[in-house]
Structures are given as structure tokens and as C-alpha cells.
Amino acid sequence: MKNLCTCLLLALLAVSCKQIQQATDVITQPTPREVYERRFDETNIAYQEWVAMYQSSQQDSLEAPLPFSLSGQLQAPNIKAFAYDVLIQQGERLFVTVVSKPDSLQFFLDAFRKDQKDPVVYSEENNNTFTYLAERTDTLKVVIQPELYASGNFQLQMYTQPSYAFPVAGADNRNVQSFWGAARDGGRRSHEGIDIFAARGTPVVAAIDGRVSSTGKRGLGGKQVWLRDGLFGASLYYAHLDSIAVRNGMRVKVGDTLGFVGNSGNARTTAPHLHFGIYKGYSGAVNPYPFVAQQKIPEQNIKSVETAARIGRNNAELRTGPSTKFNQIAGLRQRDTVAVYGQTENWYHIKLQDSVGGFMHRSLLELLP
């Protein structure tokens, strides 16, 4: 009877502690990484190494040009973490995801701004992905770490997509022939938008859901439409139209026709095109191209990659990114053995035992089975 009472008391205490923890989590909003770490005793050597690897990876200065794809292999008990600086433009939406075999593997994905301790975005529990809308041009440090004791193959994908729809029906990046900042009037002013060339009469469409705040024929822009993104959002400027299809105050959805491509205003001597601009509050005009330009999405291709290699020649260049355009970190010695973290096309992310890591071209490595 005494043993039964003890067991019941312990069970009640466990339930009570769990409820308290759940109530606390509602207030503190712990990250999935923080929740995962509760499984381990702080004296666990493997756990200590896992945490140390995560912390040290945040000091890495490696760069990932977008779109970026890295394939690799995990072998327990080896512990890895990946960190890359990623440049994103205002108006782009960043996608970071990891796919794996087996697909049950958990990865922790975090993105930090420079000199900030807490992540600005992270993956949710059991969901190896996140998206992030860039409100400003910024460089984020993206840190990826698999769960402890993970084994299997994986592919990391990082890429951007526009936050707005393309503003000319049937057109794409190739139709943009005059970009932000180009000289105008003999250099007296610069181009505050992009010019999208298309046949006269091609529909010009809403790039966002919004309200038509102004229409008319005036100034350099000729026949024009202004579209507002909410009460305090951006204003989208459509100029040089051949004709206008909306009126002031109308609510429109993405893809609705606002007017038609022409060359009114000061574009009378040029081929028909849409001048498209974006204006944001006190900052004024911003580069609209990242808001609408489609970017390549990496193909999913999970494959096995060797986990070790040997340097093939003396002074083999180790670089901050997967191209000769990136800075050289060091020149490694022939026959040095390195850990292979992953492969992106003909470049490998490698790491020495002393934690010096970077990218090296395939031609400089002897992959080990």
C-alpha cells in the first residue's frame, strides 16, 4: 500500500511539473532547439560537444551564394553543424529547407542578424524548413544542425523568391531591360524603378492585393496607376500606360488587370513598356526588381557523399565560398586529411581537425571511401 501511494505521488508530481512547464512555455516561447535540449543531462559528453559545435559554427565566415544546394552524409556519433552568411535583398523571401533519408531526421535551422544573440527566424518542431521575408537588404547567418546521433543522407536548399507577382502578364525577368539606378537626363537623375518591355496592349496586372489610390495622366509617367498595399504599406507605381482599366478606390487582387502597356508621357520615343516603381514610407523609392524577379529553385537530389578526403597538392586553396570569386582562407598541405561536410556542384565544404573549414574545388581533393 505504501509503495502504491509513493507511485501515485510521483505520478502526480510528474503531471504537475509537465503542466507547469507547458504554462511557462506559453510565456517564454522556447525554440524547438531549446525544447530538444531538455532531453539531455548537462553532463552528457556528446550533448556538450553538440552544443559546442553549434556555438562555434556561429563564428564561421563562410558564404553561400543563392540559390545554394549542399548534399552530405551524416554518420553517428560524428557531430556537425553548418553555418553560412546569406545576402538577401529587400523584397525577397528566403526559403531554407533540409530534406533527408530517412525523412524522420530532425534538423534545427536558425537565422541570425549580425551581432544579435537571438535568431530572427527558426524552423518549427519536426519541420525542417523556414521562410523569411526581407524587410530590408541584409546579411543573415543561417545555422543548420542535425539532431544528436543522426545518420543518413541529406540535402540543404537555400533560395529566394519574390514577395510580389510579376506586374506584366506573360512577361518575366527577360523583359526587364532598364534597371534601378540607371542614369537619366544625362546623369542628372537616376532611374527609380525598372522598365519591363512588352507589346502594346499587354495587360499590366496587380502585383499585390490592394487598393487603387490614384489614376490619371500627368507628368513624366503619362497614363499611370498607383496601387496601395494596405493602409501603411508600399505604394506601387505603374507608368507609361496605353490605357487604364481601373478607377480610384477599387479593391484589386493579384493578377487583376490595371491597364495596358504603352509609351505615354516622356516615353513617346521609346518602345512600349511598363515603368514599375515601389515607394515605401519615409525611405521613398526602393529597388523593385527583387520584389518581382523570379529566382531559380534548386532541384531536390538526395545523394550519398563521401565523409572524408585527402588534399591532392600543396597550397590547395580553401575559400569562404564555392567559387574562385570568394576569398582564400588558407592553403592546405598535400596529404592532409579533412572531414567532408557536403558537396555543392564541384565544390566541397571541408573541415580540418583544428576546426579550420571552407570550400575546396573537387580537383584539389582525393575522396576517401
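The values are calculated or read from the model by the stated rules, or taken from the named source; none is laboratory data. Everything numeric in this text was worked out from a predicted model, so none of it was measured. Using ideal geometry, Cβ is built from the backbone for each residue, glycine included, and neighbour counts are taken over all protein chains shown. Remember, those area values only see protein heavy atoms, side chains included, never the ligands or the DNA or RNA. Shrake-Rupley method; radii C 1.70, N 1.55, O 1.52, S 1.80 Å.
Some points to look at:
- Angle in degrees between helix 45-57 and the longest Cα principal axis of the chain, rounded to the nearest 10: 30
- Across the chain, the mean sequence separation of Cα contacts (distance under 8 Å, 6 or more residues apart), normalised by length, yields a relative contact order of 15 percent.
- With the simple spin-label model, which puts each label point 7 Å out from Cα in the Cβ direction, the Gln328 to Ala52 separation comes to 3.2 nm.
- Summary value for the stretch 56-194: 32 percent relative contact order, contacts being C-alpha pairs under 8 angstrom separated by 6+ residues.
- FRET efficiency for the pair Ala165 and Arg247, taken as 1/(1 + (r/R0)^6) with r the Cβ-Cβ distance and R0 = 22 Å, rounds to 0.55.
- Under 18 Å of direct C-alpha separation, and excluding same-chain neighbours fewer than eight residues apart, Lys141 reaches these lysines: Lys80, Lys114, Lys117.
- Portion, in percent, of the accessible area of the chain that falls on carbon or sulfur, probe 1.4 Å: 49
- Check: the stretch 223-282 dipole with +1 on Lys, Arg Cβ and -1 on Asp, Glu Cβ, in debye: 120
- Inter-label distance, nm, simple model (7 Å from Cα along the C-beta direction), Leu368/Asn314: 2.2
- With the charge dipole of the chain set up from +1 on Lys and Arg Cβ and -1 on Asp and Glu Cβ about the Cα centre, the Cα lying farthest toward the positive end among the listed residues Thr269, Gln161, Trp50 is that of Thr269.
- Based on DSSP H segments of at least four residues, each scored -39500 (n - 2.57), the chain has a per-residue ellipticity at 222 nm of -4500 deg cm²/dmol.
- Label-zone membership for the stretch 99-114, site Thr129, 7 angstrom Cα→C-beta point, backbone N under 11 Å: 99
- Which label in [x] 1.00; [y] 1.37; [z] 1.28 gives the computed Cα Rg over 2.2 N^0.38 Å: [z]
- Extreme residue, positive dipole direction of the chain, given options Pro146, Val120, Gln73 (C-beta unit charges): Val120
- Near Gly342, the amide H atoms lying under 5 Å from its own belong to His349; only residues 5 or more places off or on other chains count, and H is placed 1.01 Å from N.
- Added length on full extension, which subtracts the Cα-Cα distance from 0.36 nm per residue, Tyr149 to Arg174: 4.3 nm
- Placing +1 on the Cβ of every Lys and Arg and -1 on the Cβ of every Asp and Glu, with nothing else charged, gives the stretch 276-369 a dipole about its Cα centre of roughly 120 debye.
- For the chain, the solvent-accessible area with a 1.4 angstrom probe is 52 square angstrom per residue.
- Applying both filters, DSSP loop and at most 13 other Cβ atoms within 10 Å, to the chymotrypsin sites (Phe, Trp or Tyr not before Pro) of the stretch 144-184 gives Tyr149, Phe179.
- For the chain, size of Cβ-based charge dipole, Lys and Arg +1, Asp and Glu -1, in debye: 1280
- For the pair Lys114 and Ala76, label points projected 7 Å from Cα toward Cβ lie 4.0 nm apart.
- Selection of chymotrypsin sites (Phe, Trp or Tyr not before Pro), the stretch 210-305, meeting DSSP coil and at most 16 other Cβ within 10 Å: Phe232
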